[in-house]
Amino acid sequence: MEIRINGQAADITLDSEKTIGDILASLDMWLANLGHSLSGLSIDGKAADAARLDEIFSMEIDSVKTLDIYTSCAAQLSADALLKLADDIDEFEILKFEDKSNFVNSWEQSAQANYIKENIPELFSICIDLFARGGITCQTLRSITEERLREINDPLNEFARIEPLVNVTCARLADLPLDIQTGKDGQAAQTIQIFSGLTEKILRVAKQLDLQGFLVQNDEKDLIQLINDFSKVLRELLDAYERHDSVLVGDLSEYEAAPRLQELFDVILKKSRGAEIQVDK
């Protein structure tokens, strides 16, 4: 059987694969590492019908002469889904009150909703919060959507742009023990919230930088290990905060979280210097 990916012959040696589904399962992780996702199939020149996917996946490879696999860049798929979501928000916003309750049912069946649910689950939950419960405003979801689009379409500038927030957050983490000791509970809670949100953004944009080939690979710092160590500190800090262990919160925030946050940002920024960064003012 000949296998082609996006029209090009693929140098793939089949081992234990027996069916088309086995082949696709074997390629799934490889495609993901390249920042691509499966977008279409063709069997012996005939496009695969989505309604027959189960049947196609179970086909014996000996019965197929040519398997064409089509992929799309994951970043582009995400951007397309977010652009459609932006249109969905506009549509929802102008609906009459009595029509809004039915919107979520049809939206959940859409291609963009299914993609977001599978690939951006935290955003899917926020969408449901608006479309099903009205828990947030359309403008809030629109702002989140626009931010995610910037992270995908221009990850270099989006990452460089958060440097002032990183500096402020590190300073707040260093001051967190004093805030706790002096009873500034509101400010302490806000610091933890900002730190958590900033961490999520750094990791999201770092993933995009990696998928889009903007991270320079060198031996100065192992980024995966750095992220793992930082994530461990984050979990310990949040756990200590939830348990109201003020002593441990103070130690972790000042001596672990703040310096590790700064180091993580600096290393990712340095590794992304392989492409020119010009921050929009």
For segment 25-58 versus segment 198-248, the gap between their alpha-carbon centres in whole angstrom: 33 Å
In Å, what Rg and Dmax follow from the Cα atoms of segment 155-274? 14.8, 46
Which net charge results for the neighbourhood of Leu238, defined as the other residues with beta-carbon distances under 13 angstrom from its beta-carbon, given Lys and Arg at +1 and Asp and Glu at -1? -3
In whole Å, what are the Cα extents of the chain along the three principal axes, biggest one first? 74, 59, 40
Surpassing 27 Å at the alpha-carbon level, of the pairs Lys201/Lys232; Lys84/Lys270; Lys117/Lys201; Lys18/Lys84, are Lys84/Lys270; Lys18/Lys84
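Evaluate Rg over Rh across segment 6-159, taking Cα atoms for both radii and Kirkwood's formula for Rh. Please list the in-between numbers first.
Working: Rg = 19.2 Å, Rh = 17.9 Å.
Radius of gyration over Kirkwood radius for segment 6-159 works out to 1.07.
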What is the distance, in nm, between label points placed 7 Å from the Cα along the Cα-to-Cβ direction at Gln190 and at Asp90? 3.5 nm
Residue-wise HN-Hα coupling along segment 83-93, computed from phi with Karplus coefficients 6.51, -1.76, 1.60 (Hz; x: Gly, Pro): 5, 5, 4, 4, 5, 4, 5, 4, 5, 5, 5
Set of lysines near Lys271 by C-alpha distance (under 16 Å), chain-local residues within fewer than 8 positions excluded: Lys207, Lys221
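What ranking of Arg52, Arg204 emerges when the number of other C-beta atoms within 10 Å of each C-beta is taken as an exposure proxy, fewest first? Don't jump to the answer; show the numbers that get you there.
Details: Arg52 11, Arg204 19.
Ordered by Cβ neighbours within 10 Å, fewest first: Arg52, Arg204.
The numbers here are math on the coordinates, done by the rules we state, and not lab data. The shown structure was predicted, so the numbers you read here are calculated from the model rather than taken from an experiment. Glycine gets a Cβ as well: all are built from the backbone with ideal geometry, and neighbour counts include every protein chain shown.
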